[in-house]
Amino acid sequence: MFVEEKYQTFYQRFWAGIIDGLVFIPVDIVSYLAFSSANPKWVVIAWGVVYYTSRWIYSVGMHARYGMTVGKHSMDVIVLDVSEQRLPSLKQALLRDIFLIFSRLVLLFNFIRVVLASGYSEHIDKQLGWFGAALSWVGLVWFLLELVTMLSNNKRRALHDLIAGTVVVEESLETISVTAASR
């Protein structure tokens, strides 16, 4: 299978994900302090809302506005509509992250349930029981489907790209003019 060079973005996407994870180190540090049984429940829940929504809000907002996150910008890749003529719409950005949004909202609602029922537990993930294990397996299956779809088509579109109607390409002068025109 021949893959044009501009679609060969696997490693850039991998490293972009690592960089985007580093962007959230401050959120994780504050979480360490906020998720304490010494804090009132409302503080723990309020920070839980920030913690469980910040990653997908960041991803959706950055992709809809710029076609890239900080990580993708650092690695010179950009997300475009499958036509490669414009940036993804807000709807497409939401669809790209639908699994992340769904899973983080499920975790948020469980977090709130546990905090309200028993106060904060430093090991809240153990409160999930069989449901947490099932969610982990679903996440693994999703990840494998992402890899299989990405490696099995000419434009290297992962499952979330197929769902959203997007494609990731190397940033070039051509894509920069596309993004400037679509703003």
Looking for something of a type in the set (F, W, Y) and touching a Lys or Arg at 6+ places or on another chain (Cβ under 6 Å) - is there at least one such residue anywhere in segment 32-51?
no
Can you tell me which condition F14 does not meet? The list is (1) touching a residue at least 40 places away in the same chain (Cβ under 8 Å); (2) under 21 Å from I98 (Cα atoms), and all the others hold.
(1)
Cross-chain or 6+ apart pairs with Cβ under 7 Å, segment 30-43 first and in contact (Cβ under 8 Å) with a residue 40 or more places away in the chain, then surrounded by 16 or more Cβ atoms within 10 Å (Cβ to Cβ) and not in a helix (DSSP H, G or I)
F35/Y120; S36/Y120; S37/Y120
In segment 46-84, what count of residues is obtained for those that are surrounded by 18 or more Cβ atoms within 10 Å (Cβ to Cβ), farther than 13 Å from V27 by Cβ and of a type outside the set (D, E, K, R)?
14
For segment 125-183, which helices (runs of 4 or more DSSP H) that fit wholly inside it have 2 or more residues that are over 29 Å from V115 (Cα atoms) and modelled with pLDDT under 90?
173-182
Filter pass, I98 being under 12 Å from the mean Cα position of the chain (by Cα), closer than 24 Å to V138 by Cα, in contact (Cβ under 8 Å) with a residue 60 or more places away in the chain and surrounded by fewer than 16 Cβ atoms within 10 Å (Cβ to Cβ):
yes
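The values are calculated or read from the model by the stated rules, or taken from the named source; none is laboratory data. Just so we're clear, the structure is a prediction, and the values are computed from it rather than from any experiment. Glycine gets a Cβ as well: all are built from the backbone with ideal geometry, and neighbour counts include every protein chain shown.
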